[in-house]
Amino acid sequence: MPTSPSAKSVLDRLDTTTDDQVARLVDWLRIPSISTDPAYRGHVRRAAEWTAQQFTECGLRAEVREAGPVGADGKGAGHPIVMAFSDGDPDYKGPHVLFYGHYDVQPVDPIDLWKSPPFEPVIRDAQEGEEGGKRVIARGAVDDKGQVLMFIEALRAWKDITGKPAGGVKFTILIEGEEESGSVSLEKFVTDYQKDLGGCEVCLISDTGMLGRDRPCITYGVRGLAYTEVVLHAANQDLHSGLWGGRCPNPNTELCKVLSQLWDKKRRVTIPGFYDKVVPLTKKERENWKKLKFNPIAALKKIGLGKAADVGEAGFTAMEREWGRPTAEINGIVGGYTGKGAKTVIPAFASAKVSFRLVADQDPAKITKAFFKWCKDRTPPGCRWEFIDHHGGFGVTTPIDSPAMEAAARALKGATGKAPALIKSGGSIPVAGLLKDKLGIDTIFMGFGLDDDRVHSPNEKFEIACYKMGARSHALLIDELLAMK
Ligand code: BES
Ligand code: MN
Ligand code: MN
């Protein structure tokens, strides 16, 4: 589909308003919307209101809705959800698109490693040793404020040029504030607001990455997640390790011994049934991925690792392990004395955050249950477990031959001059599984992040060129949607 005259004007408009677009991003990034920490509650709400205001300015109907209170079980942060609607032209024939994003961000720690304060965005060129161009550095720059705003900027430009909300496309928009803490309130929200969401035919998310600066991508699947915490208790108090060492269990030692059994020699997870619902990779898929010419050793080098670090489940390439195989990780492990100097102690308890990335039809609830049972079966003598189920979500794989997928591919090609590569991601976006389950809709992930954006790390950045590429792509996707029958 050739780009329409309106779309051409929209692209011109985007090109001439870059400074304003960046200024808006900086404005949003100044709000510390950390969802997981209750101390930031007020800021999170302010970020929601800021978001709603943008949609209003773009001519959509926007609301800040309550996602429900913090549950009795302490789950759910109760942060509001922003919803916005465009009715679409009376003669709009394309799909009713649900756009999803999140305005919350990850915590900033370790704060000492930030070169500039995380919520005082800095705009600068690449420095020595850095690739790429001009960038915005702040928490949330790429995950996900920058990527949501690319879409909003496309809406704004379409409104400016045509006078119509979203240029005449029918959108329902949901921007949540709990993604980084597991989207715990979202399931109930999606059920409660079925009347608003039920008519959506496809979901569009911009919260993923590309293979490189000049390698635009569509992500057609993300992994699921089951996030747990296990606490191993022994004595009812901390003990002197000289007086008690050798006389009673040490939870630190015992926890390490148990968790070390989670993988076998082939680095496969040993929990019975863990692989039951895993769909094997097809030959075709493995071939397609090979053609992407991803260099795992070069990627390791960028994070300070050598060839020897290319490890994971035996029999699979790095890319296959990330995109198509489930894994178990210990995300944190604490117990006993971790302060400065030395202290001779046997702690009363030790704990670990253990999470699983899931693929295909692995059910997070079942995996969590199986893991807890697996721990129970290995309870060290004299110890007892405490189990916490934090959150979970299903993985998804999106069919790559749908009309909406093809429209997205054309939009990316038009915006970048390159046909997008089809990739998957090892990350998780819980809403996608939820939408498939509750509404039966598939998600297209059109993301513009880069490998070295430092997502979730200190000095997170988003490059201006990626921001512009994303806005152009979304603008052209609107054009494609308008042309659909
Ligand atoms: N945007 C990320 C996920 C992501 C990043 C997918 C890059 C693909 C490429 C998202 O905000 C995220 O961080 N998700 C969490 C899950 C959540 C339940 C905390 C994750 O994947 O750990
Ligand atoms: Mn994200
Ligand atoms: Mn994230």
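The values are calculated or read from the model by the stated rules, or taken from the named source; none is laboratory data. All values reported here derive from a predicted model rather than from experimental measurement. Reconstructed Cβ throughout: ideal geometry from the backbone, glycine too, with neighbour counts over all protein chains shown. Protein only, heavy atoms only, side chains kept; ligands, DNA and RNA dropped before computing areas. Shrake-Rupley method; radii C 1.70, N 1.55, O 1.52, S 1.80 Å.
A few points about this structure:
- Criterion applied to 65, 124, 61 was being closer than 23 Å to residue 430 by Cβ, away from ligand 3 (no atom under 16 Å from the Cβ), open to solvent by 10 Å² or more (accessible area, probe 1.4 Å) and among the charged types (D, E, K, R), and the one residue passing it is 65.
- Within the stretch 156-178, tally of residues that are in contact with a Gly (Cβ under 8 Å, 6 or more places away or on another chain), closer than 24 Å to residue 466 by Cα and in a helix (DSSP H, G or I): 4
Here's the yes/no breakdown for (1) open to solvent by 20 Å² or more (accessible area, probe 1.4 Å); (2) at pLDDT 95 or above; (3) of a type outside the set (Gly, Ala, Ser):
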site	(1), (2), (3)
34	no, yes, yes
50	yes, yes, yes
69	yes, no, yes
73	yes, no, yes
102	no, yes, yes
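- Tallying residues that are surrounded by 21 or more Cβ atoms within 10 Å (Cβ to Cβ) and over 23 Å from residue 360 (Cβ atoms) within the stretch 201-224 yields 3.
- Within the stretch 424-441, residues that are among the β-branched types (Val, Ile, Thr) sit with their Cβ atoms under 6 Å from residues that are at pLDDT below 95 and within 11 Å of ligand 2 (Cβ to nearest atom), at 6+ positions apart or across chains, in these pairs: 431/183.
- Candidate set from the stretch 433-485 (those that are among the basic types (Lys, Arg) and more than 16 Å from ligand 2 (Cβ to nearest atom)); member that is modelled with the lowest pLDDT: 485
- Hey, residue 222 touching a Phe, Trp or Tyr at 6+ places or on another chain (Cβ under 8 Å) and among the aliphatic types (A, V, I, L, M) or not: yes
- In the stretch 136-153, the residue that is farthest from residue 458 (Cα to Cα) out of those that are away from ligand 2 (no atom under 13 Å from the Cβ) and in contact with a Gly (Cβ under 8 Å, 6 or more places away or on another chain) is 151.
- Residue within the stretch 301-311 that is under 23 Å from the mean Cα position of the chain (by Cα) and either modelled with pLDDT of 95 or more or open to solvent by 80 Å² or more (accessible area, probe 1.4 Å) (or both) present: yes
- Residue that is most open to solvent (accessible area, probe 1.4 Å) [pool: residues in the stretch 133-186 that are within 13 Å of ligand 1 (Cβ to nearest atom) and farther than 21 Å from residue 31 by Cα]: 184
- Restricting attention to the stretch 413-446, the residues that are away from ligand 3 (no atom under 16 Å from the Cβ) and more than 16 Å from residue 360 (Cβ to Cβ) add up to 19.
- Residue under evaluation residue 207, criteria (1) more than 16 Å from ligand 3 (Cβ to nearest atom); (2) within 24 Å of residue 423 (Cα to Cα), criterion not met: (1)
- Taken together, the residues in the stretch 82-117 that are over 19 Å from the mean Cα position of the chain (by Cα) and either within 16 Å of ligand 3 (Cβ to nearest atom) or under 26 Å from residue 485 (Cβ atoms) (or both) amount to 14.
- Contact map, the stretch 105-134: residues that are without any contact (Cβ under 8 Å) to a residue 40 or more places away in the chain and among the hydrophobic types (A, V, I, L, M, F, W, C) paired with residues that are surrounded by 11 or more Cβ atoms within 10 Å (Cβ to Cβ) and part of a loop (DSSP other than H, G, I, E, B), Cβ distance under 8 Å, separation 6+ or inter-chain. Pairs shown: 122/116; 122/138; 126/132; 126/133; 126/134.
- Selection within the stretch 416-456 - near ligand 1 (Cβ under 10 Å from one of its atoms) and either of a type in the set (S, T, N, Q) or open to solvent by 60 Å² or more (accessible area, probe 1.4 Å) (or both): 425, 428, 451, 455, 456
- Test: residue in the stretch 225-243 that is over 27 Å from residue 410 (Cα atoms), among the hydrophobic types (A, V, I, L, M, F, W, C), at pLDDT 95 or above and surrounded by fewer than 12 Cβ atoms within 10 Å (Cβ to Cβ): yes
- Selection status of residue 55, aromatic (Phe, Trp, Tyr) and crowded, with 23+ Cβ neighbours inside 10 Å: yes
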